[in-house]
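Engineer: Encoded as structure tokens, here's the structure I'll be asking about.
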Amino acid sequence: MSDGTYTATLTGLGTCLPARTVTNDDLARRLDTSHAWIHSRTGIARRRVADPGTGTAELAAAAGSAALASAGRTSCDLVLVATTTPDRACPATAPRVATAMGLTGTAAFDLSAVCSGFVYGLSVATAMVRAGTCASVLVVGAERYSAIVDPEDRSTAVIFGDGAGAVLVERGGDPAGRGAVLHTELGSDGTGEDLITVPPGERYLRMEGREVYTRAVPAMVGSARRVAEAVGWLPGDIDAFVGHQANLRILEAVAKRLDLPPERVVANIEDVGNTAAASIPLALAWAADRGRLAPGDRVVLTAFGGGLTWGSAALLWPDVRPVHH
Ligand code: COA
């Protein structure tokens, strides 16, 4: 994925978070849990939850429109929606998202890679732009986990949140390479398919948290190392590491093994929880808003999740201002 004809450049970044915040104390009022347990074990203090009438497509369209606005565009060649929580099993969510954005007629499809969905989508978008198939691809990570989380299951109900984030990837771009997606790498391990799953015929997600944790750390470290090596960076060259926000302790363990100082690790899990495919673009926007990402910074994105799946991307941060819906 590094030897295409064109450069693929990240040019826009947008988000949409539902208005309603649910705190740990809110959850502790109806579940046998506490703020202290949740915060110390996961780093999460609060998460956003969509109203029952708000679907994944609506969140996705809002984030997608925000990303186009951030890039100063009104259209794109392809809308790619990464989600674990489509509003319907059939058809895909993306055509509805494109139409909601006023882009009826534009190519649109969903991608399912659970918490790695955004990085998988970014990899597909990069490859299509590099190959010349598309001049611009909108990659949206959008989730409404509140639809598949059992409100009575304290081991998952405290972890997940709703939201959407999106980036625009375009052909060409800055001569200095700012925004260039340099390399991506992806992997999977189906032996772990039962560790994060909605079992056939059931409504709710089940997760073997401890086992997922144990597998996540080495998989993320390996993936981040491989993507950095492919572009000639030592782990110490990474200016910002933006990992999937599943658990603050996972991010800290990965950073330690990569020898990265804490200030280079982006973590917004405290405010939004685990938003699966939306997690990395939401973290990128959070960091950009706070001046934690400067144009030209060497950024590594690494995700891990259900499937099991994982993936990383190495890119140079663009001169971009996130737009929030
Ligand atoms: N509040 C209070 N206690 C809780 C609890 C909660 N919300 N959830 C679980 N517990 C209890 C368990 O029942 C268990 O009790 P026991 O020791 O009496 O049996 C104890 O806490 C420890 O449970 P365990 O699951 O081993 O905790 P943990 O330290 O592994 O933390 C997770 C649980 C889910 C936070 C953690 O495993 C995790 O983050 N896993 C990774 C998830 C992930 O990365 N997903 C990514 C893909 S999306």
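Engineer: Only one of 217, 169, 181 is part of a helix (DSSP H, G or I), touching a residue at least 24 places away in the same chain (Cβ under 8 Å) and of a type in the set (A, V, I, L, M, F, W, C). Can you tell me which?
Structural biologist: So the residue among 217, 169, 181 that is part of a helix (DSSP H, G or I), touching a residue at least 24 places away in the same chain (Cβ under 8 Å) and of a type in the set (A, V, I, L, M, F, W, C) is 217.
Engineer: Here are 75, 116, 65, 34: which of them is under 16 Å from the mean Cα position of the chain (by Cα) and outside the structural domain of residue 315 (by TED's automatic domain parsing)?
Structural biologist: 116
Engineer: Take residue 192 and tell me if it is away from the ligand (no atom under 15 Å from the Cβ) and either open to solvent by 10 Å² or more (accessible area, probe 1.4 Å) or in contact with a Gly (Cβ under 9 Å, 6 or more places away or on another chain) (or both).
Structural biologist: No.
Engineer: Does segment 72-119 hold any residues that are in contact (Cβ under 8 Å) with a residue 60 or more places away in the chain and touching an Asp or Glu at 6+ places or on another chain (Cβ under 7 Å), and which are they?
Structural biologist: 81, 83, 84, 85
Engineer: Filter segment 130-148 down to the residues that are within 16 Å of the ligand (Cβ to nearest atom) and of a type outside the set (A, V, I, L, M, F, W, C), then identify the one that is nearest to residue 281 (Cα to Cα).
Structural biologist: That would be 141.
Engineer: Here is a further query. Can you tell me which residue within segment 149-170, out of those that are near the ligand (Cβ under 9 Å from one of its atoms) and under 17 Å from residue 271 (Cβ atoms), is nearest to the chain's Cα centre (by Cα)?
Structural biologist: Taking segment 149-170 first, the residues near the ligand (Cβ under 9 Å from one of its atoms) are 153-160.
Next, only the ones that are under 17 Å from residue 271 (Cβ atoms) stay: 158-160.
Details: 158: 19, 159: 15, 160: 13 Å.
That would be 160.
Engineer: Here's something else I'd like to know. Which members of segment 164-202 meet the condition of being in contact with a Leu (Cβ under 6 Å, 6 or more places away or on another chain), within 30 Å of residue 295 (Cβ to Cβ) and not aliphatic (A, V, I, L, M)?
Structural biologist: Matches in segment 164-202: 165, 177, 178, 179.
Engineer: Being out of contact with any strand residue (DSSP E or B) (no Cβ under 8 Å at 6 or more places or on another chain) and in contact (Cβ under 8 Å) with a residue 12 or more places away in the chain is the filter here; which residues of segment 11-29 pass it?
Structural biologist: 27
Engineer: For a quick check of your reading of the model, give me the residue pairs whose first member lies in segment 36-47 and is closer than 22 Å to residue 20 by Cβ, whose second is more than 9 Å from the ligand (Cβ to nearest atom) and open to solvent by 70 Å² or more (accessible area, probe 1.4 Å), with beta-carbon atoms closer than 7 Å and at least 6 apart or on different chains.
Structural biologist: Listed by first residue and then by second, the contacts come to 43/270; 44/270; 45/270.
Engineer: If I filter segment 199-211 down to residues being near the ligand (Cβ under 9 Å from one of its atoms) and free of Cβ contacts under 8 Å to residues at least 40 places away in the same chain, which single residue comes out as surrounded by the fewest Cβ atoms within 10 Å (Cβ to Cβ)?
Structural biologist: 210
The values are calculated or read from the model by the stated rules, or taken from the named source; none is laboratory data. Just so it is clear, the structure is predicted and the values come from calculations on it, not from any experiment. Cβ sites come from the backbone with ideal geometry, for glycine too, and all protein chains shown count toward neighbours. Surface areas here come from the heavy atoms of the whole protein model, side chains and all, with no ligands, DNA or RNA. Shrake-Rupley method; radii C 1.70, N 1.55, O 1.52, S 1.80 Å.
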